[in-house]
Amino acid sequence: MTDKRPLWSSKYSFIITAIGSAVGLGNIWRFPYIMGQYGGAIFLAVYILIISTICFIPLINELYIGKYTKKECVGAYEAINPKFKYLGALNPITGILIAGFYFIVGGWIINYIFKSFSGNPVENLGEYFSEFVKNPFYTCVLTEIFLFICIFFSARGVKKGIETANKVLMPILGVILIFLVIISLNLPNAHEGLEYMFKPDFSKLNSKMILAALGQAFFTLSIGMGALLTYGSYIKEDKTLVKSAYTIILSDTAFAVLAGIMIFPAVFSFNMVPNSGAGLVFVTLPQIFSQLPYGNFISGIFFILLLCAAITSGISIVEVPCAAFVERFNISRVKSCVLLFLCITFFAIPAALSFGMLNDIKLLDKNIFDFLDFLTSNILLPMNAIFLCLISGWFLKLNGNDIIKNKFFALCFCIGLKYIVPIILILLMFMGLN
Ligand code: PFF
């Protein structure tokens, strides 16, 4: 059925889809609220340190393994050694669990786009949000609509679906983001928001925050569930993997920082608090929009921005299990997508209901939505990355010179892969979990 694997039509297609996978709700919804919860600038500093050092190696490793094996995750691990195929299967499983909470937020966004353009002002947005997320009908239907959109692009295939969606949505995302940054920077007292983002308070440094920064870094770069491995497996030829990796890291960080610059000056300008958690973008920001001239329009395009980001990442989340089903079960893309739709629905519906009907079900003191977020971002993503580093370093005996020409850096890369990254990741995970 899949005698010929699909390939990207150009290097640009690969880069834009990889950036599309990285830049998502993680940058515009999750990053600002986590930064707000962990004290602003100090979180940003730790996050940038982690992203530019520890994350670089697993990111390149994933791309390389995909390019080298030309297989989806399970097949790629199996190609290195058949006994690793079960570890490989953890990648699509992680993808399905991430989709279980990510796609709910996608559904919320669709609702907010309609709400913004309908022009009906809401009196109390905080109350509106908490009532809306409890509504079982709307949240479930909207989650399924968002899931359908992402699965639709994946079902259309690598070139016609994934590439096309990214080539259209990413430029829209960039333009809207810059437009909103300019508006935010021109608000009164915008400098307070910038100070909050860029002036670190070292007393707020702690191990929980470091774990949160690590989880955020993995989540935002899409490392640790095989998205980059799968996208890497569609590369025709890329002799500049290191450059591609830097481009992905730099673009993703730029989008996250710009998202912060779009949000925090506005928050401080209207004397709001930046630590309101997951509701920052759904409660605090709409409150601000409602006080701006052309507020409904600005709110509408902000949520369109969020939707573009969510779709391009959502596509990569479904592509990992989709490709795994196609190649493991030897079925068509469409059949694989139907199967995947059912699997994701199985987790997403309880998570969508976890703010209302299923609010009493707690795992590790968290509702189902928060538990899926914690389990995937802070545990499964780093854990999968540790496994892949160890497997490449010790079993594939990856030669750094295949990736990096400079002998010294190639050696550093191999040492990082075999020892430093796994040790640091294990330590950070234990420190943060205790
Ligand atoms: N990187 C995406 C974001 O920042 O929203 C989320 C994500 C996509 C995580 C793909 C993991 C993944 F494999």
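In the chain, helical runs assigned H by DSSP with n ≥ 4 each contribute -39500 (n - 2.57); averaged across all residues and rounded to the nearest 500, the mean residue ellipticity at 222 nm is -22500 deg cm²/dmol.
With a probe of 1.4 Å, find how much accessible area the chain has per residue, and write the answer as a whole number in Å².
On the way: 17310 Å² over 434 residues.
For the chain, the per-residue accessible area is 40 Å².
Structural descriptor for the chain: relative contact order 35 percent, calculated from alpha carbon pairs under 8 angstrom and at least 6 residues apart. Of the chymotrypsin sites (Phe, Trp or Tyr not before Pro) in the stretch 342-428, not one is in a loop by DSSP (not H, G, I, E or B) with at most 15 other beta carbons within 10 Å.
Placing +1 at every Lys and Arg Cβ and -1 at every Asp and Glu Cβ, with all other atoms neutral, what dipole size does the stretch 1-106 have around its Cα centre, in debye to the nearest 20? Kindly include the intermediate steps, with their values, before the conclusion.
Working: 9 positive and 4 negative charges, 54 e Å.
The calculated dipole for the stretch 1-106 is roughly 260 debye.
Over the chain, what percent of the accessible surface lies on carbon and sulfur atoms, probe 1.4 Å? It would help to have the intermediate numbers written out before the result.
Details: 11740 of 17310 Å².
Exposed carbon and sulfur together represent 68 percent of the surface.
Exposed loop sites were defined as GluC sites (Glu not before Pro) in DSSP loop states (anything but H, G, I, E or B) carrying at most 10 other C-beta atoms within 10 Å; in the chain the longest segment without such a site runs 238-434. Only Lys, Arg, Asp and Glu carry charge here, each on its Cβ (+1 for the first two, -1 for the last two); on that basis the chain has a dipole of about 1500 debye about its Cα centre.
Along the axis of the charge dipole computed for the stretch 1-111 (Cβ charges of +1 for Lys and Arg, -1 for Asp and Glu, origin at the Cα centre), the listed residues Pro82, Ile60, Ile15 are led at the positive end by Pro82. Using just the C-alpha positions of the stretch 1-149 as equal point scatterers, what log10 of I(q)/I(0) does the Debye formula give at each q in 0.10, 0.13 1/Å? Once normalised to I(0) and log-transformed, intensities are -0.56, -0.90. Against the chain, whose longest principal axis comes from its Cα atoms, helix 136-156 is set at around 40 degrees.
Which of the lysines could be linked to Lys407 by a straight reach, that is with a Cα gap under 22 Å, when you skip same-chain ones fewer than 8 residues away? Counting by Cα, and skipping residues close in sequence, Lys407 has these lysines nearby: Lys67, Lys239, Lys243, Lys397, Lys418.
Taken as Cα centroids, the stretch 48-71 and the stretch 243-304 sit 28 Å apart, rounded to the nearest whole angstrom. With Rh defined as the Kirkwood radius, the inverse of the mean 1/r over Cα pairs, the Rg/Rh of the stretch 137-268 is 1.03.
Each 10 Å bin from 0 upward holds the following percent of the Cα-Cα pairs of the chain: 5, 23, 33, 27, 11, 2, 0. Exposed loop sites here are trypsin sites (Lys or Arg not before Pro) assigned a DSSP state other than H, G, I, E or B and surrounded by at most 10 other beta carbons within 10 Å; excluding them, the longest clear run of the chain is 5-238. For the stretch 138-192 versus the stretch 197-226, the inter-centroid distance based on Cα atoms is 23 Å. With the charge dipole of the stretch 106-233 set up from +1 on Lys and Arg Cβ and -1 on Asp and Glu Cβ about the Cα centre, the Cα lying farthest toward the positive end among the listed residues Leu211, Asn135, Gly226 is that of Gly226.
The values are calculated or read from the model by the stated rules, or taken from the named source; none is laboratory data. Computed from a prediction, not measured in an experiment: that's the story for all the values here. Heads up, the Cβs are rebuilt from the backbone with ideal geometry, glycines too, and the neighbour counts pull from every protein chain shown. Surface accessibility is based on the protein's heavy atoms, side chains included, excluding ligands, DNA and RNA. Shrake-Rupley method; radii C 1.70, N 1.55, O 1.52, S 1.80 Å.
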